[in-house]
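Peer 1: Please find one structure pasted underneath; my questions will follow.
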Amino acid sequence: MQKVLGDFIHALRHAGLPISSAETLDALRAAQLVGIDNAPLLKHSLGMTLTKCLQHRLTYDQVFDQYFNSYDQFKEASSSEETIKALEEKRQTSNNIDEELINAYGTSFQSPLAQQLMDNDMSSVQVMITSAATASGAREIAFVTQIPMVTYRIMQTLGNGELQQELAVLASSDENSAEVQLLRQRRLLLQQQVRDYVEQQYLIFNQNEPNKLRESNLQKINLTSVDHRNYKLMGELVRKAAKQLASMHSRRRRITKRGLLDVRRTIAANAAYDGFLFHTKWKSTRVDRPKVMVICDVSGSVSEVARFLMLFLYCLQDVLPKVRSFVFSSNMAEVTELFEQRGMDQALAEVMLKWANLPSDYGKALADFTSIALDDIDNRTTVIMLGDARNNNEDGNVSVWEEIYRRSQRVLWLNPEGEFSWDSADSIMSEYAPYCTHVETCNSLRDLNRVLGSVLKHSN
Amino acid sequence: MIIRNQEKINSPETIKQQFEALGYICSDAIATSVYLACHLQKPILVEGPPGVGKTELAKKTSELLSAPLIRMQCYEGLDESKALYEWKYGKQLLYTQLLKDQLGDVMRGAKGLDESVSRLHQFGDIFYSDEFLEPRPLLQALRSEGGAVLLIDEIDKADQEFEAFLLELLSDYQISIPELGTVKAKSKPIVLLTSNNTRELGDALKRRCLHLYIPFPSKAIEQKIISAQVPELNDKLRQQLVAFIGELRDMSLKKVPAVSETIDWARALLLLNVESLDHEWIKTTLNLLLKFQDDIEAVEPEIDNLLKAATKES
């Protein structure tokens, strides 16, 4: 049972569930308690010990059905010693029967596989398939296209070569055609069985491998070139990264300075006890969540990066509750409410429809910002600007940007273009750069992760 | 506690029947979780939308095991002194005042500060002993002789620090008190934690618990629940009512009606002597089911359609 469960947990991990070894032990204990005869009961019990949220539970249900269906078929093939011993005995007896049968036919087959097939002893064949599959690496398949190759390898290990030869010889002499037909049929059946088994193993253990590869590639590629069909996957990746960041930075809300007595609060707290100091109150500093204002240029190619930056920021809502967002290409507008009212996807779509793909005018946009939100910037605000500073040769209104820099705690400028193209053509990056705490290239998910991590870290 | 109730919890099926006898209709998953919790001695983390009977599960479990239910409601700012123990400051103060004269007697004749202090030491920590300890829910649960059911309600509302503090209790059933040492459970309590998912719980906490998600019940189970809770209601109305609620749950509402609302509604309809559902009755009692004005406004024009769909189904 340990092996079966171990494999099952291995399969679950492949499907993306984070299962610790402590949970594995719990699952084993639970399985021992409820036994493995009652499938629904086992499913509930293992589910409770192995999955800890609803989403994982759904994946678990799927894998459970897949795994134990195949397990049921190969139940006897599970390598506990008693079953094997029983099978050996069975084979002995069936060999006797086989001999009679062969005698009846008047011929005996030479190759062992042919003998086994004529035995029609399915369970022992399954044992052989399982062990041959392990030897041929059925579990390490990474791509669908490998299935036929592994199937072939298993068939060879089972002794298909000899069987084929023998079949050829028998067929040429043609005297036992009925028997040859039967054997051929059995061979095809076996091949089908092996193929099914390999496919199942692929589904259980390795279906997600290519996805993992794709995910790690998507982390690195340029956000401007993310394909439409990958948006959904990117969205999930962003959410995952955001969750990680959030859990890293959500721990401490208050740092207690141990050893520094807060005399005023201590006296107040102990007034009820006649001035005896029972409760000691210590000084503590509240860790402020930064107020973030994010300004996104949504014109042209920057809009793709803006989409993911905003998605990321809103996934961080637990730790960054006070995010205000503004978008512009020439006119600027605040979209904070839009994001609150609509779902993320719908709001993004609306933003892109209304403001995106117009020629950008930083001067006009910054002038708008003065009237909308400049007064709300205080010394705890972090301002993040995402833009390529390509201003179509207009006036950049740098004085406003200087004012923002003066009032705020930090100003970050994220430029999706590489440093080599700053200030080329109509880009006026060098005009804004002196009034930024930090200027960075940002065009992949990794960059986003790093930048926002530093925003959160700075606040502590 | 487990041994005492062995025959009541010897299989999930028995537990389910026992719960049914107590008027709590539950799914196989719930019964299995209680079974595992009793036998593996692990806490259960119960999640699900509000009003599906998470807290009720704890109450019925305590009834089933005939053990006291100790409930701790979590909220932001909950700390050790409210959850675990506190010293009875007032009593300590009073005693020191009363014993002032006695202390004078003890101290009489002592030469110098050193001797006085060493004499005081001979009395041990009188004021920090069990007598002056005010046990709060967690300590009560650990100390109860015959075992107990400990319900830690809405753990997601408590701070993360408190969650970390619970870990020792949940895995080893013991707790450290600086002045007294480690307190071990006399008889391991059954612990149930409930969460409404207002924030993500830590992995360390989840790892220590069995996870149970209670969804809205299926129509068949909900009918059984209603007939157990409001047995006087006639069959036809009950079917209509459950089907109608089912239709409501498919709509996109701010807060969909849960089981507790269904029961309230059934009781109200019984009180009003309603024979079968119609537009008027639904309209007048809709505020029992829906808790937001927006939702009520959204549902009102749809009542006829919903009712039609519900009657067709039932």
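Peer 1: Exactly one of (1) within 13 Å of another protein chain (Cβ to nearest Cβ); (2) more than 30 Å from B:Q229 (Cα to Cα); (3) touching a Leu at 6+ places or on another chain (Cβ under 9 Å) is unmet by B:I30. Its number?
Peer 2: For B:I30, the failing item is (2).
Peer 1: Further question on the same structure: Of all residues in segment B:171-191, how many are touching a residue at least 24 places away in the same chain (Cβ under 8 Å) and within 14 Å of chain A (Cβ to nearest Cβ)?
Peer 2: Within segment B:171-191, residues that are touching a residue at least 24 places away in the same chain (Cβ under 8 Å) and within 14 Å of chain A (Cβ to nearest Cβ) number 2.
Peer 1: Something else now. Filter segment B:111-130 for residues that are at pLDDT 80 or above and assigned to a loop (DSSP other than H, G, I, E, B); which is surrounded by the fewest Cβ atoms within 10 Å (Cβ to Cβ)?
Peer 2: Here the answer is B:K111.
Peer 1: List the residue pairs whose Cβ atoms are under 8 Å apart, where the first residue sits in segment B:192-205 and is more than 9 Å from chain A (Cβ to nearest Cβ), the second is assigned to a loop (DSSP other than H, G, I, E, B) and among the charged types (D, E, K, R), and the two are 6 or more positions apart or on different chains.
Peer 2: Within 8 Å, the pairs are B:T194/B:E154; B:S195/B:E154; B:N196/B:E154.
Peer 1: Here's something else I'd like to know. Out of all the residues in segment B:38-47, which are within 9 Å of another protein chain (Cβ to nearest Cβ) and touching a strand residue (DSSP E or B) at 6+ places or on another chain (Cβ under 7 Å)? Steps first, answer last, please.
Peer 2: Of all residues in segment B:38-47, those within 9 Å of another protein chain (Cβ to nearest Cβ) come to B:39-40, B:42, B:44-45, B:47.
Hits for segment B:38-47 are B:K42, B:I44, B:L45, B:E47.
Quick grid of which residues meet (1) surrounded by 14 or more Cβ atoms within 10 Å (Cβ to Cβ); (2) touching a Leu at 6+ places or on another chain (Cβ under 9 Å):
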{"site": "B:L139", "(1), (2)": "yes, yes"}
{"site": "B:D172", "(1), (2)": "no, no"}
{"site": "B:P178", "(1), (2)": "no, no"}
{"site": "B:K184", "(1), (2)": "no, yes"}
{"site": "B:L192", "(1), (2)": "yes, yes"}
{"site": "B:D203", "(1), (2)": "no, no"}
{"site": "B:K206", "(1), (2)": "yes, yes"}
{"site": "B:L210", "(1), (2)": "yes, yes"}
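Peer 1: Where in segment A:332-432 are the strands (runs of 3 or more DSSP E), entirely inside, with at least 2 residues that are among the small types (G, A, S), in contact with a Ser or Thr (Cβ under 8 Å, 6 or more places away or on another chain) and not assigned by TED's automatic domain parsing to the domain that holds A:S303?
Peer 2: Those strands (runs of 3 or more DSSP E) do not exist here; none qualify.
Peer 1: Can you pull out every residue in segment A:35-58 that is small (G, A, S) and at the interface with chain B (Cβ under 7 Å from one of its Cβ atoms)?
Peer 2: A:S45
Peer 1: Just to verify a result, which residue in segment B:153-163, among those that are modelled with pLDDT of 85 or more and not in a strand (DSSP E or B), is surrounded by the most Cβ atoms within 10 Å (Cβ to Cβ)?
Peer 2: Applying the filter and picking the extreme gives B:A158.
Peer 1: Next question. Going residue by residue through segment B:296-314, is there one that turns out to be crowded, with 18+ Cβ neighbours inside 10 Å, more than 28 Å from the chain's Cα centre (by Cα), at pLDDT below 85 and outside any helix (DSSP H, G or I)?
Peer 2: Yes, some residue in segment B:296-314 is crowded, with 18+ Cβ neighbours inside 10 Å, more than 28 Å from the chain's Cα centre (by Cα), at pLDDT below 85 and outside any helix (DSSP H, G or I).
Peer 1: Residues being within 20 Å of B:E47 (Cα to Cα) and either more than 9 Å from chain B (Cβ to nearest Cβ) or more than 25 Å from the chain's Cα centre (by Cα) (or both): count how many of those fall in segment A:1-26.
Peer 2: Result for segment A:1-26: 2.
Peer 1: Is there a residue in segment B:84-93 that is assigned to a helix (DSSP H, G or I), modelled with pLDDT of 85 or more and closer than 24 Å to B:S129 by Cα?
Peer 2: yes
Peer 1: Please go through (1) part of a loop (DSSP other than H, G, I, E, B); (2) under 39 Å from the mean Cα position of the chain (by Cα); (3) of a type in the set (D, E) for A:E440 and return the number of the only condition it doesn't satisfy.
Peer 2: Condition not satisfied by A:E440: (1).
Peer 1: If you check every pair at least six apart or on different chains, which have Cβ atoms under 9 Å apart with a residue in segment A:272-283 that is over 18 Å from B:E86 (Cα atoms) and within 11 Å of another protein chain (Cβ to nearest Cβ) first and a residue that is surrounded by fewer than 14 Cβ atoms within 10 Å (Cβ to Cβ) and modelled with pLDDT of 75 or more second?
Peer 2: Matching pairs, first to second residue: A:D274/B:Q97; A:G275/A:I267.
Peer 1: Tell me which helices (runs of 4 or more DSSP H) are completely within segment B:1-79 and hold 1 or more residues being of a type outside the set (S, T, N, Q) and more than 22 Å from A:N38 (Cα to Cα), or say none if there are none.
Peer 2: Details: elements: B:12-21, B:28-40, B:54-64.
Qualifying helices (runs of 4 or more DSSP H): B:12-21, B:54-64.
Peer 1: Okay, next question. Is it the case that segment A:322-331 has a residue that's closer than 20 Å to A:V238 by Cα and either outside the structural domain of A:E304 (by TED's automatic domain parsing) or assigned to a helix (DSSP H, G or I) (or both)?
Peer 2: no
Peer 1: Something else: Go through (1) in contact with a strand residue (DSSP E or B) (Cβ under 8 Å, 6 or more places away or on another chain); (2) exposed (fewer than 13 other Cβ atoms within 10 Å of the Cβ) for B:L150 and report which single condition fails.
Peer 2: Failed condition: (2).
Peer 1: Tally up the residues in segment B:214-251 that are within 14 Å of chain A (Cβ to nearest Cβ) and either assigned to a helix (DSSP H, G or I) or surrounded by fewer than 19 Cβ atoms within 10 Å (Cβ to Cβ) (or both), please.
Peer 2: Within segment B:214-251, residues that are within 14 Å of chain A (Cβ to nearest Cβ) and either assigned to a helix (DSSP H, G or I) or surrounded by fewer than 19 Cβ atoms within 10 Å (Cβ to Cβ) (or both) number 1.
Peer 1: Still on this structure: Please verify whether A:K257 is part of a helix (DSSP H, G or I), more than 14 Å from every other protein chain (Cβ to nearest Cβ), loosely packed, with under 13 Cβ neighbours inside 10 Å and modelled with pLDDT under 80, treating the condition exactly as stated.
Peer 2: Taking the combined requirement at face value, the residue does not satisfy it.
Peer 1: I've got another one for you. Using the structure shown, decide if B:D264 is closer than 30 Å to B:L150 by Cα, modelled with pLDDT of 90 or more and within 26 Å of the chain's Cα centre (by Cα).
Peer 2: Numbers: closer than 30 Å to B:L150 by Cα: yes; modelled with pLDDT of 90 or more: yes; within 26 Å of the chain's Cα centre (by Cα): yes.
Taking the combined requirement at face value, the residue satisfies it.
Peer 1: Ok, one more. Considering B:T96, B:T14, which residue is in contact (Cβ under 8 Å) with a residue 12 or more places away in the chain, surrounded by fewer than 16 Cβ atoms within 10 Å (Cβ to Cβ) and among the polar types (S, T, N, Q)?
Peer 2: B:T96
The values are calculated or read from the model by the stated rules, or taken from the named source; none is laboratory data. Just so we're clear, the structure is a prediction, and the values are computed from it rather than from any experiment. Cβ atoms come from the backbone with ideal geometry, glycine included; neighbour counts cover every protein chain shown.
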